[in-house]
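Remarks on the structure that follows.
The values are calculated or read from the model by the stated rules, or taken from the named source; none is laboratory data. Everything numeric in this text was worked out from a predicted model, so none of it was measured. In this analysis, Cβ positions are derived from the backbone assuming ideal geometry, glycine residues included, and neighbour counts consider all displayed protein chains.
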Amino acid sequence: MRKKKILLIGPYPPPYGGVSMHIKRLKALFSEGFDIDIVDESREKKEGIFNLRSLNIFGYLYKVLKTDIVHIHSGKFFFRMLHFSAASLFFRKKIITVHGYEPGRGANIRPMDRVILNNCNKVIFVSKELADAFNVKHYIINEAFLPPDVKSEAEIPAEVANWIEQRKEQGYKICVANAWRLDKHENEDLYGLDLCIRAAKKNKEKGIKAATIFVVSDGSGVIKTEQYKKMISEFELESCFLIWEAPLSFIKLIIHTDIVLRPTNTDGDALTVREGLFLGKPVVASDVVIRPEGTKLFKTRDAGSLAETIAEVLNDDQQSVMDNQRSGVTHYLEYYKNNVYQ
């Protein structure tokens, strides 16, 4: 019996972001039962993976023609519209997963988005907040987290591992945060690198030994790291704050650290938060959206609140993560496998 063909479209790692990792894990989880193919939207081209930016329009259309279901994960409206149109042209089933807001999305685009979403076979939002924002008639809410195969993940770079080991020997606890790339949302740092630096300064002044690693996977964002490195120097944080500007296995990094930070000023169902909870680590996140149970919240865009929450977590000897955060993805996987693709 022929396997049903699924075409997953969106960014594919590297760079390592929440959506790209979701697609990678989705492919791994369902490759046995389905014929999975990929259309990669990222700027970094990979051998053996079709990249949309190659501008091979006939190759792209052929992939859409030969599939049964087109599953779109695009964050950018232009890409979403392109894939919707191509799938409609060949009368293919269309599934769209909405993972978050595109930075800088204009109010004029939202009604156009609704037209696309209301004409798909399935629409999946990763949170209730996103569903409410788009105001679509029929949709499903499922968390974006898919369980990782930790053993298959690459080890973190030796330079990062050595930095962590040296700080731990000096008595530091290690905080970790990440960004796919440094973009703005409503004229502010979307991923909160500036907040992490200011919070590190406040905790250092109080004698709290918390060191931070902030991973930036892709350097093509609208904000560059030079201004933040200058802040680190001005605040004399070189010994306790590292900006790592290259892709790495973030889940492997989490294993080596003590606290996971998610200081964003807008969000969907953040993979960073889910991975931290999955691995039993304390997670400190902005209160911009409803977070999973077990997450420690701080006031969005408030460096003082972030610093205080980090200090509270470090002082809590009874840190724990709810067991249901480790197993709560089962319903999502079963629904996805048994219903969406049939």
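Observations
- If you go through region 150-196 and keep only what is of a type outside the set (S, T, N, Q) and more than 21 Å from His256 (Cβ to Cβ), you end up with Arg181, Leu182, Asp183, Lys184, His185, Glu186, Glu188, Asp189, Leu190, Gly192, Asp194, Leu195.
- Residue that is farthest from Val150 (Cα to Cα) [pool: residues in region 23-53 that are out of contact with any strand residue (DSSP E or B) (no Cβ under 8 Å at 6 or more places or on another chain) and in a helix (DSSP H, G or I)]: Arg53
- Exactly one residue out of Leu182, Leu190 is in the same structural domain as Thr309 (by TED's automatic domain parsing) and either touching a helix residue (DSSP H, G or I) at 6+ places or on another chain (Cβ under 8 Å) or within 30 Å of Ser88 (Cβ to Cβ) (or both), and it is Leu182.
- Yes/no for Phe241 being surrounded by 20 or more Cβ atoms within 10 Å (Cβ to Cβ) and closer than 30 Å to Arg25 by Cα: no
- Top-ranked residue of region 24-74 - restricted to ones that are out of contact with any Leu (no Cβ under 6 Å at 6 or more places or on another chain), in contact (Cβ under 8 Å) with a residue 60 or more places away in the chain and β-branched (Val, Ile, Thr), ranked as nearest to Arg2 (Cα to Cα): Ile69
Per-residue answers, yes or no, for (1) surrounded by 21 or more Cβ atoms within 10 Å (Cβ to Cβ); (2) closer than 25 Å to Gly268 by Cβ:
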residue	(1), (2)
Glu44	no, yes
Asp68	no, no
His73	yes, yes
Arg80	yes, yes
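- Check on Ala311, at pLDDT 95 or above and either crowded, with 18+ Cβ neighbours inside 10 Å or part of a loop (DSSP other than H, G, I, E, B) (or both): no
- Hits in region 253-283 (condition: at pLDDT 95 or above and either of a type in the set (Asp, Glu) or touching a Phe, Trp or Tyr at 6+ places or on another chain (Cβ under 6 Å) (or both)): Asp258, Thr264
- Yes/no for Phe214 being in contact (Cβ under 8 Å) with a residue 24 or more places away in the chain, within 16 Å of Arg167 (Cβ to Cβ) and touching a Ser or Thr at 6+ places or on another chain (Cβ under 6 Å): no
- Within region 1-11, restricting attention to residues that are over 12 Å from the mean Cα position of the chain (by Cα) and modelled with pLDDT of 90 or more, the residue that is farthest from Met81 (Cα to Cα) is Lys5.
- The condition of being hydroxyl-bearing (Ser, Thr, Tyr) and touching a His at 6+ places or on another chain (Cβ under 8 Å) holds for only one of Ser88, Ser74, Ser42, Ser54, that being Ser74.
- Here the strands (runs of 3 or more DSSP E) wholly within region 185-275 that include at least 2 residues being touching a Cys at 6+ places or on another chain (Cβ under 6 Å) and within 30 Å of Pro147 (Cβ to Cβ) are 210-216, 259-262.
Yes or no, residue by residue, for (1) in contact with a Cys (Cβ under 8 Å, 6 or more places away or on another chain); (2) within 27 Å of Pro247 (Cα to Cα); (3) crowded, with 17+ Cβ neighbours inside 10 Å:
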| position | (1), (2), (3) |
| --- | --- |
| Val115 | no, no, no |
| Asn121 | no, no, no |
| Ile124 | no, no, yes |
| Ala131 | no, no, yes |
| Ile156 | no, yes, yes |
| Glu169 | no, yes, no |
| Cys175 | yes, yes, yes |
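- Qualifying residue in region 173-184 (condition: part of a loop (DSSP other than H, G, I, E, B), aromatic (Phe, Trp, Tyr) and farther than 18 Å from Ile23 by Cβ): no
- Criterion (of a type in the set (Gly, Ala, Ser) and at pLDDT below 90) met by exactly one of Gly100, Gly48, Gly59: Gly100
- Residues within region 209-230 that are farther than 21 Å from Leu253 by Cα and buried (at least 17 other Cβ atoms within 10 Å of the Cβ), tallied: 3
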